[in-house]
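See structure below.
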Amino acid sequence: MVDYEFLGHTSEAKLRAFGPTPEQRFVNAARGMTDLMFELDKVQPKIRKQIVIKGRDMRSLLHNWLEEFVLLLDAELFVLCRIEKIKITKTKETFTLDAVVFGQKADDALPRRGAAVKAVTYDELEVEGDHVQVVFDV
Amino acid sequence: MELRKVDDCIWEIPQTGRMNVPGRIFASEALLEKMKEDRTLQQTANVATLPGIIGYSIAMPDAHQGYGFPVGGVAAFDAKEGLISPGGVGFDINCGVRLMRTDVTDKQLAQKRDALLDALVKSVPPGAGREGLHRLKKDELQEVLMHGAHWAKRNGFATKDDLARTEEDGRMEGADPAKVSARAITRGVPQLGTLGSGNHFLELQRVDRIVMPDVAEKFGITKVGQVVVMVHCGSRGLGHQVCGDFIERIESTGATKTLADPELASAQLQSDIGQDYRAAMCSAINFAFANRQLIAHAIRQSFEKVMGSAEGVEQVYDVCHNIAKFEKHVIDGKKREVCVHRKGATRAFGPGRPEIPDVYRKIGQPVLIPGSMGTASYLLLGTSKSEEMSFGSTAHGAGRIMSRHTAIKQFPADKVKAELRRKGIEVRGSSGKGLAEEAPGAYKDVDEVVRVSDTLGIGKIVARFTPLGVVKG
């Protein structure tokens, strides 16, 4: 089974990511997002970052998780490629995601695909079942 | 979905179910068929369910499926009692188009075109993960957010005429940088002066046809073969984050649960969220004005460097096509102040409107409609008829008909590039899939889009431009 796939959407990019656990689906969604913008297999794990994301439910957790990488790209030119030690925990009203992520600074040598994610939308966002789905404004 | 033909190129979605007003579609039969292939019409009907919407939920000839609101949509709400919707403006707040005219002819450009493109791609970095050449200090950003293109003028990046020939004079009133989140600022600071990606571009174009010579002359377009420069871009990550922040904030109140689509998230204009969004949106609008102004400055510098002079490189106009603003419109015979949302639609005011620059007030405003990469772009004239029919609005571009994914499969990038070369168009910037995604075949026919605008009289064709060189985002 593929980790992720892109589905038809007239103006935007719709991504569906698969995996046996919610964590794996979140990992595949984030890697798929990089793949939309850069050639994923060319991205080197040169920089390590520890990140903590919070959400009020799984929907907002997925949204905020992906949005973090949009921010890191714009602000620091950080391009994600690998995710380790990802763990989602639920307390009373908050969902928390902890992960260690790896990537590199976008330099001129890194091949770009021509798209950039402007935003992670809630349009057609799905977190139930065996996949997660998200539409990016590109 | 039921559709009723009202007139040539005018269709109505009758008011049913939760709709508060009918939907109104401006399209030829061919363009309407394209809209039926995705959720454009459903989304137009969904917008009509928003409380307090006035008149119609409108879809322009280039409308296509967005998220929540269609791209190519216009919706108006009462300026006091009504709503404001981040999704009704779009993620790329003040995405817009700037047109510069020059004294150079296509023949004079020919030998130097590639060098000029090289200079432009260097000074206006395109694509994902790029930083602008102009690095802002943190305090300086506050000035940009408050004063837009006026900040640029104070720093020597704009002329007085540039400001006068920009919608809102290049500075939107009502900005409050304190309402822009730290995340949005973090995203925006490195990106001022960058082009962005996707359908954003900077093009060297030639005047291909002049339809209204008298008007064209007033807009600085005098002959076929004249070179013009068109820029299409917006507020970069700063604006995108502002939109996302406020959709998130509205979503967290639970207000979106009852909506036809969560991306229709809206707030009362007078509420705290509504006021805060407007102040943040205006700040992002100013960021985009400053961004396009820095790009205009880079264009002049590149002309100086490569062509020997930037004399005659003057701004025709700068329009916003993702925006919400207060305007007075006559509704049911009465003048009323409304908050017009244009998401992928261009203001097209006719003669006499006080919002139009003095130099154009007698004839109407210039309307800039960019085509997709490698196809034609247009200069139109705003009309009083658009004020009667579409809250003073017309189309904004070609509008996609094909998903990016399908386009990549259908149009191999090397073939796209070869085809553009065959047409005499040189491309810089993004290569690979980006070229395929933006292949002309992935878009509606821009000629058909402007034909509908012209036929309806909501924006009359003044001149047509074709590309000579593209810096692709």
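Which percentage, to the nearest 5, of the DSSP beta bridges contained in the protein assembly as shown is antiparallel?
Working: 104 of 113 bridges.
In the protein assembly as shown, DSSP labels about 90 percent of beta bridges as antiparallel.
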Check: C-alpha center region B:50-92 vs C-alpha center region B:163-236, spacing in Å is 22 Å
Here the gain from full extension of residue A:23 to residue A:39, 0.36 nm per residue of separation minus their alpha-carbon distance, amounts to 3.5 nm
Once both label points are put 7 Å beyond Cα along the C-beta direction, the residue B:304-residue B:140 separation in nm becomes 1.7 nm
Taking a straight Cα-to-Cα line shorter than 18 Å from residue A:54, and setting aside same-chain lysines fewer than 8 residues away, one finds A:85, A:87, A:90, A:92
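Per residue and in Å³, how big is the convex hull formed by the alpha-carbon atoms of the protein assembly as shown? Working shown, then result.
On the way: hull volume 85.5 nm³, N = 611.
Once divided by residue count, the hull of the protein assembly as shown is 140 Å³.
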Accessible-area loss of at least 50 Å² (1.4 Å probe, chain alone to full protein assembly) applies in region B:68-101 to B:91
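Rounded to a whole number of µm²/s, how large is the Stokes-Einstein D of chain B at 25 °C and 0.890 mPa s, given Rh as the Kirkwood radius over C-alpha pairs? Write out the running numbers ahead of the final one.
Numbers: Rh = 21.9 Å.
This corresponds to a translational diffusion coefficient of 112 µm²/s.
Region B:233-334: which trypsin sites (Lys or Arg not before Pro) are DSSP loop and have at most 15 other beta-carbon atoms within 10 angstrom?
Values: sites: B:236, B:249, B:257, B:278, B:292, B:300, B:305, B:325, B:328, B:334; in loops: B:257.
Passing both the DSSP loop test and the Cβ count: B:257.
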Per the rule of 0.36 nm per residue minus the C-alpha distance, extending residue B:336 to residue B:4 adds in nm 116.7 nm
On the formula 1/(1 + (r/R0)^6), with r taken between the Cβ atoms of residue A:93 and residue A:5 and R0 of 35 Å, the FRET efficiency rounded to 0.05 is 0.60
The ³J(HN,Hα) series, computed from each phi in region B:449-455 with the Karplus coefficients 6.51, -1.76 and 1.60 at θ = phi - 60°, rounded to the nearest Hz and given as x for glycine or proline, is 4, 6, 4, 5, 4, 5, 4
Shape call for region A:4-137, from the Cα gyration tensor axes a ≥ b ≥ c (a/c under 1.5 means rounded, otherwise prolate when a/b beats b/c, else oblate), comes out oblate
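Under the rule of -39500 (n - 2.57) per DSSP H run of 4 or more residues, summed and divided by the residues of the protein assembly as shown, what mean residue ellipticity at 222 nm is obtained, to the nearest 500 deg cm²/dmol?
After summing the helix terms and dividing by the residues of the protein assembly as shown, the value is -9500 deg cm²/dmol.
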Interface residues of region A:113-135, defined as losing at least 40 Å² of accessible area versus the chain alone with a 1.4 Å probe, are A:113, A:114, A:118, A:122, A:123
Looking only at aspartates and glutamates whose Cα falls under 12 Å of residue B:415's and that sit 8 or more positions away or on another chain, we get none
For region B:299-311, Karplus-derived ³J(HN,Hα) couplings (6.51, -1.76, 1.60; θ = phi - 60°; whole Hz; x for glycine and proline) come out as 5, 4, 4, 5, 4, 4, 5, 9, 8, x, 6, 10, 5
Phi-derived 3J(HN,Hα) across region A:111-125 with the Karplus relation (6.51, -1.76, 1.60, θ = phi - 60°), rounded Hz, x for Gly and Pro, is x, 9, 8, x, 9, 9, 6, 7, 7, 9, 9, 8, 5, 6, 6
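Within chain B, what's the longest stretch lacking GluC sites (Glu not before Pro) that sit in DSSP loops with no more than 14 other Cβ atoms inside 10 Å?
Details: sites that count: B:2, B:37, B:81, B:173, B:311.
With a cap of 14 other Cβ atoms within 10 Å, the longest stretch comes to B:312-473.
The values are calculated or read from the model by the stated rules, or taken from the named source; none is laboratory data. Being a predicted model, the structure only gives us computed values, none of them experimental. Note that each Cβ is placed from the backbone with ideal geometry, even for glycine, and that neighbours are counted across all protein chains shown. Heads up: the accessible areas ignore ligands, DNA and RNA and are worked out on the full protein's heavy atoms, side chains in. Shrake-Rupley method; radii C 1.70, N 1.55, O 1.52, S 1.80 Å.
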